[in-house]
Amino acid sequence: MSIPAETQNLMRLLSQVILADGHIHASEIEALVSGVRELALKDDTGNLLSASQIRQWFHDYGQELDEIWAEMPKDVALTHLILSLADWPEKDAVVKVLENISLSDAEFHIKEKTLISIVRAYWQFEGLDAPGAKIDI
């Protein structure tokens, strides 16, 4: 399975809301699967990612995190990740998926809420959706 780098970055961001409170619930993983499908994310061949591909990717990402966080502090890595997605289309849909994942375990943890707020702030959510608007990195 090969997934484009930008798509993987979006999946990494979506996964951060699962990891934010330190607990991984099956309902959150299923919400991730639903969210990725709702956003119609595709592999390198243009096919929609299957539920099993998404679950496998999340498992692999969990193992990758130790390496990422060994290279740079978690908050710096997260900032780079969010800013790398500043030009992603349909930011409203991404934020909605983040919210759906965070609510899928029947609680809206403060760390999840903070993460979503940070995403909205870095993306200059209110103004960035204007045609031609973008963040220069």
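The values are calculated or read from the model by the stated rules, or taken from the named source; none is laboratory data. All values derive from a computational prediction rather than experimental measurement. With ideal geometry, Cβ positions are generated from the backbone for all residues, glycine too; neighbour counts draw on all protein chains shown.
Values as computed for the structure displayed
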read-out	value
Residue list for region 42-78, restricted to those being assigned to a helix (DSSP H, G or I), hydrophobic (A, V, I, L, M, F, W, C) and farther than 18 Å from Ile29 by Cβ	Ile68, Trp69, Ala70, Val76, Ala77, Leu78
His23, sole failed condition from (1) assigned to a helix (DSSP H, G or I); (2) exposed (fewer than 14 other Cβ atoms within 10 Å of the Cβ); (3) not acidic (Asp, Glu)	(1)
Which numbered condition Glu107 fails, given (1) modelled with pLDDT of 90 or more; (2) assigned to a loop (DSSP other than H, G, I, E, B)	(1)
Long-range neighbours under 9 Å by Cβ, at least six apart or interchain, first residue under 11 Å from Val119 (Cα atoms) and hydrophobic (A, V, I, L, M, F, W, C) within region 86-105, second part of a helix (DSSP H, G or I) and at pLDDT 95 or above	Val94/Leu10; Val94/Leu13; Val94/Leu14; Val94/Gly35; Leu98/Leu13; Leu98/Leu14; Leu98/Gly35
